[in-house]
Amino acid sequence: ASDSLQGRLMRYVRNSPAKMAAFYGIREKDSLLVKAGWPVLAFLMVFENLLRRRMKPNAVHFCLLPPAILWGWLFLWPAALMRWVLFRLIRLSGLQPLSAWSVSVLLFLILQPEKAASFSLVFPALLQLCSITRRRSCTRQLMALLQILYFGSLSCSLIGGYSLLRLLSAASFALAFFDISLEIEWMLPEIPIPAAPVLLVVAAILLLRYMIMQKHPQLLLCSLLIMPVSPYLDPFFHVYMLDIGQGDCTLVVEPFCRSAVMIDAAGNLYRDNAESVILPFLEAAGIRKLDALIVSHEDFDHAGAVEAVQDGISVHTVIRDPTQPVPVEYPMLNLLPDRTSPDENEGSLLTYFSYDGHGYFWPGDAGILTEKLLMDTFADLPVTVLKAGHHGSASASCPAFLEWLSPDLVLLSAGRNNRYGHPSPEVITSLQSMNTARFCTAESGMIHLASWHGFLFLETAEGQVSCLSTPAGR
């Protein structure tokens, strides 16, 4: 919508699938090379080799850097291109290639730490490292390993010759200017390869051992390769409330990725939530399967994307019956499983779970009748984090229930400028009167909670980070 030069260029090329793939990395069918920002980078590398035959190295850098920077400003700064530009700028100072490579990676991680484990950084950076250290014989094994680590599959066409792959990628970029799409990954189909956590950790350890025994100083290579398996090395308990619009979707991940449970998967009338939000997030978080998908009730804003999620990722069990156990080792229960309810909202599954000394309560769209039943049934329900019922509607979260639970934090999942007026002013007023911290996806975007040995941290998509709780006496 912008009237900037970048906006006008986007509108000019958006009807060309070839240009959208080569210039912006956007295409209908996934491509590892496009994800890696490889087309433009491969074109620059091939052009650089041609210039080196007639010009000195520094002159080559001066010729290539301005158009590369201009390209990044006009179209996109993929991680691969930014690190390539940093490498060339550092080389102008006279540093040797290996030192310049190391410094460029470190500078990139300082500038964009959120992309530390991205395929678009790791894949081109490690291929360049193989070239600098004259270990090009390792490129095939490296490309195969990265595919398995990141995607759990192996495309045999991508482990062919490195030089041929680079030429084909450069050709696909050049042909895009003429609206010609060159499919590179067409030779052989992908072969699914289960990437078990133990196998990934063993592979990283063996690679580290090899690098040490060979007395190579590039130990940064090992750290980069371990990053894709970081979910299996993560000691934190995570709760992600996704910014799904007017609906609910929460992901709960146990430390070291021992289990992953999703609570609800909302549909959306204006987009495919599974394709646009849920499945890309699971992939980015390194989640390969869900142990359970709990459906609080069958409303579209809670269950509309369940089938699409099942089509996109392995789901061990879908839980719709409150008496069905959740297959995790920590306490995760559906409260009041035998109650009768006057309507579907009041019959929502009441998911309660606890970890690291913190209790979490996700009541779906259950309202005041269910809240009164909870107060009558339980003498106490230790809750640190409450997901407000019915998106913060006045039909739930009555003052007496909030006082009884006395949560430290209340989360609200609602769409921006939704037609229902969620969250309601009455609920906000009740929370303000109790001085209870609250966050809403309509204002803060995705909300992320992480706990470790009693510490509870909060992070929002808008950039707020805080420590909500610490162990007693600390």
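Just so it is clear, none of the values below were taken in a lab; they were calculated from the coordinates. Just so we're clear, the structure is a prediction, and the values are computed from it rather than from any experiment. Glycine gets a Cβ as well: all are built from the backbone with ideal geometry, and neighbour counts include every protein chain shown.
Compute the FRET efficiency between residue 406 and residue 236 as 1/(1 + (r/R0)^6), taking r as their Cβ-Cβ distance and R0 = 22 Å, and round to the nearest 0.05.
Efficiency at R0 = 22 Å is approximately 0.30.
Would you mind getting me the FRET efficiency between residue 468 and residue 283? Use the beta-carbon distance for r and R0 = 25 Å, nearest 0.05.
Details: r = 28 Å, r/R0 = 1.12.
Result of the calculation: an efficiency of 0.35.
Taking 0.36 nm per residue of separation and subtracting the Cα-Cα distance, what length does fully extending residue 107 through residue 354 add?
My answer for the length gained is 84.9 nm.
Test of understanding: what is the full-extension gain from residue 320 to residue 12, defined as 0.36 nm times their sequence separation minus their Cα-Cα distance?
Going from the current span to full extension adds 106.1 nm.
Quick one: of 56/115; 19/115; 115/387, which pairs are farther than 28 Å apart, Cα to Cα?
Violating the 28 Å limit, Cα to Cα: 56/115; 115/387.
Computed over the Cα atoms, what is the radius of gyration of region 348-425 divided by 2.2 N^0.38 Å, N being its residue count?
Rg over 2.2 N^0.38 Å, computed on Cα atoms: 1.06.
Enumerate the aspartates and glutamates that residue 289 could reach by cross-link, defined here as Cα to Cα under 15 Å, with residues fewer than 8 away along the same chain left out.
254, 307, 311
Once you have the alpha carbon radius of gyration of region 1-143, what is it after dividing by 2.2 N^0.38 Å, with N set to its residue count?
Against the empirical 2.2 N^0.38 Å value, I get 1.09 for region 1-143.
Could you state the per residue volume, in Å³, of the convex hull enclosing the Cα atoms of region 234-469?
Values: hull volume 27.4 nm³, N = 236.
With only Cα atoms used, region 234-469 gives 116 Å³ per residue.
Using a Förster distance of 60 Å, how high is the FRET efficiency between residue 92 and residue 330, based on the Cβ-Cβ distance and rounded to 0.05? Please report the intermediate quantities before stating the final value.
Values: r = 54 Å, r/R0 = 0.90.
Calculated value: 0.65.
Using unit Cβ charges (K, R positive; D, E negative) and no other charged atoms, how large, in debye to the nearest 20, is the dipole of region 234-469 about its Cα centre? Please report the intermediate quantities before stating the final value.
Working: 11 positive and 31 negative charges, 58 e Å.
Here region 234-469 has a charge dipole of around 280 debye.
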